[in-house]
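The values are calculated or read from the model by the stated rules, or taken from the named source; none is laboratory data. Quick caveat, the model's predicted, so the values are computed rather than measured. Counting neighbours? That spans all protein chains shown, and the Cβs are built from the backbone with ideal geometry, glycine included.
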Amino acid sequence: MTGFKNFLLRGNLVDLAVAVIIGTAFGAVVTAFTAWLTGVLPGMQETFKGAELGDGAFFANAMISFVILAAVVYFFVVLPYTKARERFFPSPAPGTPEDIVLLKEIRDLLAARQGDA
């Protein structure tokens, strides 16, 4: 069970799943916008007279659906995932990593050696 928990929380599995969900929803927004735009451009006169409003309403519906889906994914997937990852795999303490500290010490020793020579 520990291996499965590590697989879920350490890998990019949740990130990839969120990307696929949001990408699919955004594809519907782009499709609706394209349908609205292709309906508006060739017959602009008829559209502005009120003859063709269905595609615009479809685009607005796609936008609202996208925002609702993004909110649901954020609050029910991303936030719990982030909290669980922080709980089981806490981020390292802030500060300079040990390898950088060692490299700085080496640099300082080499600079001191150059100054002595």
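Some points to look at:
- Region 84-102: number of residues that are of a type in the set (Phe, Trp, Tyr) and in a loop (DSSP other than H, G, I, E, B): 1
- Remark: pairs (first residue in region 1-19, under 19 Å from ARG87 (Cβ atoms) and without any contact (Cβ under 8 Å) to a residue 12 or more places away in the chain; second residue outside any helix (DSSP H, G or I) and of a type in the set (A, V, I, L, M, F, W, C); Cβ separation under 9 Å; 6+ apart in sequence or on different chains) = ASN6/PHE89.
Yes/no matrix, rows are residues, columns are (1) within 30 Å of THR2 (Cα to Cα); (2) among the aromatic types (Phe, Trp, Tyr); (3) touching a residue at least 12 places away in the same chain (Cβ under 8 Å):
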site: ASN61; (1), (2), (3): no, no, yes
site: ILE68; (1), (2), (3): no, no, no
site: VAL72; (1), (2), (3): yes, no, no
site: PHE75; (1), (2), (3): yes, yes, no
site: TYR81; (1), (2), (3): yes, yes, yes
site: GLU86; (1), (2), (3): yes, no, no
site: PHE89; (1), (2), (3): yes, yes, yes
site: GLU98; (1), (2), (3): yes, no, no
site: LYS104; (1), (2), (3): no, no, no
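- Residue check, GLY27 part of a helix (DSSP H, G or I), modelled with pLDDT under 80 and either loosely packed, with under 10 Cβ neighbours inside 10 Å or not basic (Lys, Arg) (or both): no
- Qualifying residue in region 62-71 (condition: among the hydroxyl-bearing types (Ser, Thr, Tyr) and surrounded by fewer than 11 Cβ atoms within 10 Å (Cβ to Cβ)): no
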